[in-house]
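Here the structure is laid out as structure tokens; the discussion comes afterwards.
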Amino acid sequence: MACIEARGLRKTYGSATALDGVDLRIEEGRIVGLIGPNGAGKSTALNAILGLTPYQGELTVLGRDPWTQRDLLMQDVCFIADVAVLPRWMRVSQALDYVEGVHPRFDRAKAEAFLAKTTIRASAKVSQLSKGMVTQLHLALVMAIDAKLLVLDEPTLGLDLLYRKSFYDTLLNDYFDAGRTIVVTTHQVEEIQDILTDVMFINRGRIVLDCSMEAFASRYVELMALPEHAPAARALGPIHERQVFGRAILLFDGVPREQLAPLGELRTPSIADLFVAVIGGPSTSASMGAAA
Amino acid sequence: MSTPSYAAEAPRPRAPAAHTRPFFWSLRREVWEHPALYAAPLTVAGLILVGFLISCASLPQRFSAGLVLDPAMQAARHAEAYHFTGFAIMLTSIVVGLFYSLGALFNERRDRSILFWKSLPVSDLTTVAAKACVPLVVLPVFAFAIATALQLIMLAASTVVLAVNRLSPASLWSQLDVAQNGLLFLYSLAVVTLWYAPIYAWALLVSGWAKRAPFLWAVLPPLALCLVEKMAFGTSHAGGLLMDRLGGFSAGFSPGAFTQRGVVDPLSRLDPARLVSSPSLWAGLVVAAVFLAAAVWLRRRREPI
């Protein structure tokens, strides 16, 4: 069953178009990275999925319309907007009491077990916690909720490296399974590269790339061309070229590795490399988007 | 790069859904967030108590002097002190309620905590209903409990002081009808709360709408409306409506209830029949309901500031 399905999803703010006909399908049990530059429509897309904003077009989340059936939907959907949203006046124990009181699928013992591994005291107020600890608290609350869809919008923004690493480790080891779906947006692409099962690029309100990580590795290849072979490599139609230490690095979409191997060193590009190729960079054109 | 192996892990079995009480916990968290709801009336009660205890020094003289008055007059005098207490605590509650309402749907958007509240299965209707219940139910209940407790403490203190001075508190007790005073206060609280319901609802609506300065947005447009009407047509219907809303709760009391002095049966001042037959009361309640419905609608759509 598709966890999220959108067809022709549109959203405009006055004359500005935030979502310009988004089509996407996210299956159950996937971890999807939604990557895009600032203002590309990521947050608008997530807000539509979470029923926080009205939209045009078709959208179903877990088989429900997120705008008209939001109250029901939120029993199965969880989200972390960013680190600053836990109310500062709240005590840790109050947060546990409150979520236990309103959420039918909250397992308090699980949240407490997670918090016991941290230095967060139950009597502490959120305003007394560091940014990293607030995120740990929020993660503890969210992981103890037996939700089917978890949406993370820049969940590790402003955290130091240790907290960021443990955030994703915990999520994978203690939370994720085939019955759950995670959608995450972040600018720190390299951090989530290895945990994703799918990646989507969004730019100017459109999905410009939608690819599973398996297909990603077979489809995209980066060639560090030997200087004498650079013209031959360019003739094969790279989607992007950059220069590093005077050598041409060319990114190919769907060109067989055997064909490229004689021309230089091959490697699978990082998501960040592909992101620059598809969305940013002076050498790209609008037609690159069609490659997806 | 291959799909990570953990993706194949089987789903964990789901626990059955637990019973929840979203409204109760929404109300509870409002009280957690706003200790002023009870701290402010408690502080006023504390100050009154301090003043009262100081005045107890002269109580025996006053009491003795009062004994020559006729009993009904004495009762009125004693009751006055208790009425003042209730009035002060009620006024505090109203001020706290207004400021609470002006912040209730504004602060959560400003500090973005609305995104946390909205990540949980609590509907906007439940949330706004809980927030409206604070000035309409929680504050009056707190005010009544605190004022009643204070009046009992004051009565006990008077009794002790009189007893120590070998004066019989019997006349104090016989003339002061604690239950009747409680009833008077409860009725007054209910009338004023019902009468002010559209004001609280307006404050909640503005707090859910304004992007900044909800206080100014709540206060200035109605005043501007009065001013424009006066300048344009020389009339003051808007001003009249506003004044009726602020002071019209006298409809709950018999005519002249606030100017009569001396020997009157206190309960005769209450006039529930006049209250429920006042179109102003019902119009106000309808307006309050419309404002609250609009606040629910807005909370669904407004984004963090």
Report summary line: Yeah, segment A:64-112 with a ≥ b ≥ c from its alpha-carbon gyration tensor (a/c under 1.5 is rounded, else prolate when a/b outruns b/c, oblate otherwise) is oblate
Query raised in the report: According to a simple spin-label model (label point 7 Å from Cα along Cα-to-Cβ), what is the distance in nm between B:A81 and A:E258?
Result: 10.5 nm
Query raised in the report: With every protein chain left in place, what is the accessible area of A:V255 in Å² (1.4 Å probe, nearest 10)?
Result: 20 Å²
**Report entry** Simple Cβ-charge dipole of the protein assembly as shown, Lys/Arg +1 and Asp/Glu -1, about Cα centre, in debye nearest 20
**Finding:** 1480 debye
Query raised in the report: How big a patch of accessible area, both sides summed and in Å² to the nearest 100, lies buried between A and B at a 1.4 Å probe?
Result: 4200 Å²
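What pairs in A:K11/B:K211; A:K110/A:K148; A:K42/B:K118; A:K11/A:K131; A:K125/A:K165; A:K11/A:K110 have C-alpha atoms more than 27 Å from each other? Spell out each step's value before the answer.
Details: A:K11/B:K211 22 Å; A:K110/A:K148 17 Å; A:K42/B:K118 19 Å; A:K11/A:K131 32 Å; A:K125/A:K165 25 Å; A:K11/A:K110 38 Å.
Correct reply: A:K11/A:K131; A:K11/A:K110.
If DNA, RNA and ligands are ignored and the probe is 1.4 Å, what is the ranking of A:Y163, A:Y98 by accessible area, most exposed first?
Ranked list, largest accessible area first: A:Y163, A:Y98.
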Query raised in the report: What are the residues of segment B:114-153 that lose 20 Å² or more of accessible area, with a 1.4 Å probe, going from their chain alone to all protein chains?
Result: B:L115, B:F116, B:W117, B:K118, B:S119, B:L120, B:P121, B:V122, B:S123
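At a Förster radius of 35 Å, what calculated FRET efficiency corresponds to the Cβ-Cβ distance of A:R64 and B:K211, to the nearest 0.05?
Values: r = 31 Å, r/R0 = 0.89.
Approximately 0.65, to the nearest 0.05.
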Query raised in the report: Taking N as the number of residues in segment A:155-273, what is its alpha-carbon radius of gyration divided by 2.2 N^0.38 Å?
Result: 1.28
**Report entry** Segment A:D174-A:E28, extension gain: residue separation times 0.36 nm, minus the distance between their alpha carbons
**Finding:** 50.8 nm
Query raised in the report: From the residues B:F215, B:P198, B:L298, which one has its Cα farthest along the dipole of segment B:193-305 in the positive direction, the dipole being from +1 and -1 charges on Cβ of Lys/Arg and Asp/Glu about the Cα centre?
Result: B:L298
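Hey, if we sort B:S207, A:S212 by accessible area with the 1.4 Å probe, largest down, what's the order?
Reading off the accessible areas and sorting them downward yields A:S212, B:S207.
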Report summary line: Measuring from its Cα centre, chain A shows a charge dipole (+1 at each Lys and Arg Cβ, -1 at each Asp and Glu Cβ) which, in debye to the nearest 20, is 700 debye
Report summary line: Longest principal axis of chain A (C-alpha) makes with the long axis of helix A:92-102 (C-alpha) an angle, in degrees to the nearest 10, of 90 degrees
Query raised in the report: Is the shape of segment A:139-201 best called rounded, prolate or oblate, per the rule: a/c under 1.5 gives rounded, else a/b larger than b/c gives prolate, else oblate, with a ≥ b ≥ c the square roots of the Cα gyration tensor eigenvalues?
Result: oblate
Requested in this report: Note the angle between two axes, namely the Cα long axis of helix A:161-170 and the longest principal axis of the Cα atoms of chain A, as a number of degrees from 0 to 90, rounded to the nearest 10.
Outcome: 80 degrees
Query - Rounded Å value of the spacing that divides the Cα centres of segment B:165-181 and segment B:120-137 - result: 43 Å
Report summary line: Taking placed amide H atoms and a strict 5 Å upper bound, the residues 5 or more places from A:H240 or on another chain that come that close are A:L251
Report task. About the Cα centre of segment A:140-249, how large is the charge dipole given +1 on each Lys and Arg Cβ and -1 on each Asp and Glu Cβ? Please answer in debye to the nearest 20. Result -> 440 debye
**Report entry** Solvent-accessible surface (1.4 angstrom probe) belonging to A:K131, in square angstrom, nearest 10
**Finding:** 110 Å²
Report task. Would you give the gap between the C-alpha center of segment A:102-124 and the C-alpha center of segment A:26-49, rounded to a whole Å? Result -> 28 Å
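Heavy atoms only, probe 1.4 Å: what % of the accessible area of chain B goes to carbon and sulfur, would you let me know?
The nonpolar share, carbon plus sulfur, comes to 73 percent.
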Query raised in the report: Rounded to the nearest 500 deg cm²/dmol, what is the calculated helix-only ellipticity per residue at 222 nm for the protein assembly as shown, with -39500 (n - 2.57) per DSSP H run of length n ≥ 4?
Result: -15500 deg cm²/dmol
Query - Relative contact order for segment A:23-128, counting Cα pairs under 8 Å that sit 6 or more residues apart, in percent - result: 20 percent
Query raised in the report: Which Cα, out of A:G63, A:V85, B:M243, lies furthest along the positive dipole direction of the protein assembly as shown (beta carbon charges, K/R +1, D/E -1)?
Result: B:M243
Report task. Any chance you could check segment A:38-77 for residues losing 20 Å² or more of accessible area when the partner protein chains are in, compared with the chain on its own (1.4 Å probe)? Result -> A:L52, A:W67, A:R70, A:D71, A:M74
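With a ≥ b ≥ c taken as the square roots of the eigenvalues of the C-alpha gyration tensor of chain B, please select rounded if a/c is under 1.5 and otherwise prolate if a/b is larger than b/c or oblate if it is not?
oblate
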Query raised in the report: Quick one: Karplus J couplings for segment B:247-256, per residue in order, coefficients 6.51, -1.76, 1.60, θ = phi - 60°, nearest Hz, x for Gly and Pro?
Result: x, x, 5, 4, 4, x, 10, 5, x, x
Query - Interchain or long-range residues, amide H under 5 Å from A:R206's placed H - result: A:D20
Query raised in the report: Angle between the Cα long axis of helix B:124-133 and the longest principal axis of chain B, 0 to 90 degrees, nearest 10?
Result: 10 degrees
Query raised in the report: Rg and Dmax of the protein assembly as shown, using alpha carbons, in Å: what are they?
Result: 33.0, 121
Report task. Using only alpha carbon pairs under 8 Å that are at least six residues apart, calculate the relative contact order of segment B:212-305 and give it in whole percent. Result -> 17 percent
Query - Accessible-area value, B:L189, 1.4 Å probe, nucleic acids and ligands omitted, Å² - result: 10 Å²
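The values are calculated or read from the model by the stated rules, or taken from the named source; none is laboratory data. Source: prediction; values computed, not measured. When we count neighbours, we look across all protein chains shown, and the Cβ atoms used for this are built from the backbone with ideal geometry, even at glycine. Quick note on the areas: whole protein, heavy atoms, side chains included, nothing else; ligands and nucleic acids left out. Shrake-Rupley method; radii C 1.70, N 1.55, O 1.52, S 1.80 Å.
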